[in-house]
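Q: Before anything else, here's the structure in question.
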Amino acid sequence: SQTIHQWPATLVQPVGSPLSLECTVEGTSNPNLYWYRQAAGRGLQLLFYSVGIGQISSEVPQNLSASRPQDRQFILSSKKLLLSDSGFYLCAWSGNSNQPQHFGDGTRLSIL
Amino acid sequence: QKEVEQDPGPLSVPEGAIVSLNCTYSNSAFQYFMWYRQYSRKGPELLMYTYSSGNKEDGRFTAQVDKSSKYISLFIRDSQPSDSATYLCAMSVIGNTPLVFGKGTRLSVIA
């Protein structure tokens, strides 16, 4: 069966510091991969999605970037964190664009 | 008008009640409809996945889609305290991504 792993579960970072969040999927090949941010009362906002290695689509302009160095690995990064980057970050995968997405357990990021 | 509207609640019901959760949407191109359950500090978990109009049942859960009214529902029968969570509806267009989510309805089932 397929599983998705995200780490760390919780992260506290100072303003201006870099960020790297990692997501890996097991038990499937060539998944679609997604990064979402969930803010209280605002629902899930899609940040990036990828249909293959090195292929990244960005949904909103922001202080973040994403990379997919391997088939089942998706990384969310920032060079300098802003206070507004605080939130709950979720990684998800799907088999193809018509299949439902399955989520990891997220990373709660607090910026001080 | 927002693309997907979902009453945030909170909704509080006694154990054993039938719960009805709903979403309305504006984009008639949506063809795939999903319901996710999210416990506090966890990622959303897929509950139901339906294509186009109709009903789908899985245990105590029934999902309904009415494309003519642009309205989807999730019914929970014999609700349990373990059903207490936030329920998110989501939908997508055929062959397209991303999913569009409602903001979620917070449900509490009281023992």
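Every read-out reported here was derived from the displayed coordinates using simple, explicitly stated rules and does not represent laboratory data. The shown structure was predicted, so the numbers you read here are calculated from the model rather than taken from an experiment. Note: ideal-geometry Cβ built from the backbone for every residue, glycine included; neighbour counts use all protein chains shown.
Q: Every residue in region B:36-65 that is polar (S, T, N, Q) and part of a strand (DSSP E or B), please.
A: Of everything in region B:36-65, those that are polar (S, T, N, Q) and part of a strand (DSSP E or B) turn out to be B:Gln38, B:Thr50, B:Asn55, B:Thr62, B:Gln64.
Q: Filtering region A:28-49 down to residues that are part of a loop (DSSP other than H, G, I, E, B) and at negative phi, which residue is farthest from the other protein chains (Cβ to nearest Cβ)?
A: Ranking the qualifying residues of region A:28-49, first place goes to A:Ser29.
Q: Scanning region A:16-27 for residues that are in a strand (DSSP E or B) and free of Cβ contacts under 8 Å to residues at least 60 places away in the same chain, which turns out farthest from A:Asn96 (Cα to Cα)?
A: A:Ser20
Q: Okay, moving on. Determine whether region B:83-104 contains at least one residue that is away from every other protein chain (no Cβ under 14 Å), of a type in the set (S, T, N, Q) and either more than 30 Å from A:Ser58 (Cα to Cα) or surrounded by fewer than 21 Cβ atoms within 10 Å (Cβ to Cβ) (or both).
A: Among the residues of region B:83-104, at least one is away from every other protein chain (no Cβ under 14 Å), of a type in the set (S, T, N, Q) and either more than 30 Å from A:Ser58 (Cα to Cα) or surrounded by fewer than 21 Cβ atoms within 10 Å (Cβ to Cβ) (or both), which makes the answer yes.
Q: Here's a check for you: in region A:64-103, which residue that is in a loop (DSSP other than H, G, I, E, B) and within 13 Å of chain B (Cβ to nearest Cβ) is surrounded by the most Cβ atoms within 10 Å (Cβ to Cβ)?
A: It comes out as A:Gln101.
Q: Filter region B:10-38 down to residues that are exposed (fewer than 15 other Cβ atoms within 10 Å of the Cβ) and within 19 Å of A:Arg42 (Cβ to Cβ) and give me whichever is farthest from the chain's Cα centre (by Cα).
A: Across region B:10-38, the extreme among qualifying residues is B:Ser26.
Q: Turning to a different aspect of this structure: With respect to B:Pro14, is the statement that it is touching a strand residue (DSSP E or B) at 6+ places or on another chain (Cβ under 7 Å), more than 14 Å from chain A (Cβ to nearest Cβ) and touching a residue at least 24 places away in the same chain (Cβ under 8 Å) true?
A: yes
Q: Something else now. With respect to B:Ser79, is the statement that it is touching a Pro at 6+ places or on another chain (Cβ under 7 Å) and not hydrophobic (A, V, I, L, M, F, W, C) true?
A: No; evaluated as a whole, the condition is false for this residue.
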